[in-house]
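Everything on this sheet refers to the single structure shown next.
Throughout, read-outs are computed from the coordinates displayed, never taken from laboratory work. Please read these numbers as outputs of a predicted model, since none were measured by experiment. Methodologically, a virtual Cβ is constructed for each residue, glycine included, from the backbone with ideal geometry; neighbour enumeration extends over all protein chains shown.
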Amino acid sequence: MRKRVIVVGGGAAGLMAAGRAAECGACVITLEKENSPSLKLLQTGNGRCNLSNLASAQELTQHLGPQGRFMRNAFVQMASPELRALLARLGIQTVSDELGRVYPASGRAQDVRDALVRYATGRGAELRTCAEVVGLRIDASRVQAVQLRSGEVLTADAVILATGGRAWTRCQAESSGYALAAMAGHTQTPLAPGLVPLVVREAWVAQLEGISLESVTLRAALSDGHSLEQNGALVFTRDGISGPAALNLSNRLALGLRGGPLGMTIDLLPNHTREQIMHGIFVSQTNNKLSDATNNLQALLPRRLCQQLEALLQPEMPGQHLSRHQCERVISLIKGLSLTVVRTRSFREAMVTVGGVACEGIEPRSMASRLCGGLYLVGELLDLAGDTGGFNLQIAFSSGWVAGSAAVVA
Ligand SMILES: Cc1cc2nc3c(=O)[nH]c(=O)nc-3n(C[C@H](O)[C@H](O)[C@H](O)COP(=O)(O)OP(=O)(O)OC[C@H]3O[C@@H](n4cnc5c(N)ncnc54)[C@H](O)[C@@H]3O)c2cc1C
């Protein structure tokens, strides 16, 4: 008899799981609480959908933080070559850029969403919208059915929880998947906004709003004495910093910030040595004017940023000419502009959720629950958060694929 599989959540992970389970011969129903599936997918990559990354399975895990190894087996089963081949069969050609990021050739996230819906429904899966699951019926440590908010109860041989995380609450109401997982005995690590701008104490950053730098190195000091380093592009915002370097760092700082503000430095010119900068901005070892140095610096950094650096240095360098020591101090500021991170922006603006259902309770080859028979957990619901660059959708697709395959044979 055909297995009856219920997928809870019609996002990237859920549609992939539904398509795969249907392809493998199951009778599949996908239940999505919103009136349209995968609303978040439409927002990804600024509407272009950075759906994967060319990195190998091993490299992919290195972009997922401390739990990354959990996904290794799933990535071996499906990484970007397999995903791109599947999308090609569904009529979606993909392209990659110099950073290995993979996008649909059309540049439209909607095409990816529509292809995933076709993948699921074209293989016979039923897709129901406005269908929120509020409970699991579990008997003898095995899931038997799901209960909808309408009161309807649907029986199942297997249930795949693909309810996403707490991030980006502006486009859909918060996921109730954590409560569903808890009903099956799963524990959860603390949740925090991830891939989210950092808010700093220094009010003067507002003067820099909109300035972007192609390459900086951020260094943050954690309260336990460890430090974190992140390279990449940066954008100053009205209250702090954003851009890939800051967003990636936010995944690692999210929980550390609960202990209070954290010190951070920005190396504004990581590809220049101190000596190179010294030669570039000072005419001699001594007797330089601060204003001349910051003018010269405009060859390397945006004018507004140079003016702000001058404003920061002016009070401690009131004299006409700079001493050797003061020249060194100017370079130190360029190589280590200090900021104090007080918090991240909220879940409303976060792209992913840091923390989630603890991976220890899940079998990594199949995404099956170790605690409740017939239950599978996938996607952002899990305690996994990737860097920017297509890693988060790859988590969703790979885990969904693995669970969809396994739910049919278990
Ligand atoms: C603005 C933005 C841009 C992003 N860009 C990228 C990018 O370019 N590349 C990348 O890799 N990642 C990106 N991400 C992250 C990526 O979108 C997510 O990691 C991914 O969508 C997670 O997939 P998911 O299926 O696990 O969860 P979701 O996509 O959130 O899907 C979960 C679904 O479950 C439904 N649901 C929840 N609870 C229930 C319930 N009880 N009953 C029924 N349905 C329920 C939700 O309505 C939702 O449709 C971006 C995120 C944001 C917010």
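A DSSP coil position with no more than 14 other Cβ atoms inside 10 Å describes the following trypsin sites (Lys or Arg not before Pro) in the stretch 1-57: R2. Under 5 Å between amide hydrogens, built in the peptide plane, is the criterion, and for V200 it picks out G240, I241, V342 among residues at least 5 positions away or on other chains. Computed 3J(HN,Hα) for the stretch 303-314, one whole-Hz value per residue from the Karplus formula 6.51 cos²θ - 1.76 cosθ + 1.60 where θ = phi - 60°, is 4, 4, 5, 4, 5, 5, 4, 4, 5, 6, 8, 3, glycine and proline marked x. Taking every DSSP bridge with both residues inside the chain, close to 75 percent are antiparallel. Taking N as the residue count of the stretch 160-312, its C-alpha radius of gyration divided by 2.2 N^0.38 Å amounts to 1.36.
Full extension of the chain between R329 and R149 gives 58.5 nm of extra length, using 0.36 nm per residue less the Cα-Cα distance. Figure legend: label point modelled 7 angstrom from the Cα of S227 along Cα→Cβ; residues of the stretch 320-349 with amide N under 13 Å from it are 335-339. Put simply, the amide H of G11, placed in the peptide plane, has neighbours under 5 Å in S38, leaving out anything fewer than 5 places away on its chain. For the pair the stretch 94-150 / the stretch 256-306, the C-alpha centres are spaced 48 Å from each other.
Proximity of backbone amide H atoms, modeled 1.01 Å from N, is registered between G373 and R142, V143 at under 5 Å, excluding neighbours fewer than 5 places apart on the same chain. Using the Karplus relation 6.51 cos²θ - 1.76 cosθ + 1.60 with θ = phi - 60°, the per-residue 3J(HN,Hα) values for the stretch 108-116 come to 10, 4, 4, 5, 5, 4, 5, 5, 5 Hz, with x marking Gly and Pro.
When the chain is treated as a Gaussian network with alpha carbon springs shorter than 10 Å, the biggest mean-square fluctuation among N46, N73, N231 belongs to N46. Counting neighbouring Cβ atoms within 10 Å and putting the fewest first, the residues H321, H226 line up as H226, H321.
Largest GNM mean-square fluctuation across T388, T30, T294, computed for the chain with C-alpha springs under 10 Å, falls on T294. Remark: the stretch 217-230, residue by residue, has Karplus-estimated 3J(HN,Hα) of 10, 9, 10, 10, 9, 8, 5, 7, x, 6, 10, 10, 10, 9 Hz, where x stands for each Gly or Pro and the curve is 6.51 cos²θ - 1.76 cosθ + 1.60 at θ = phi - 60°. Building the convex hull from the alpha-carbon atoms of the chain and averaging its projection over directions returns 20.7 nm².
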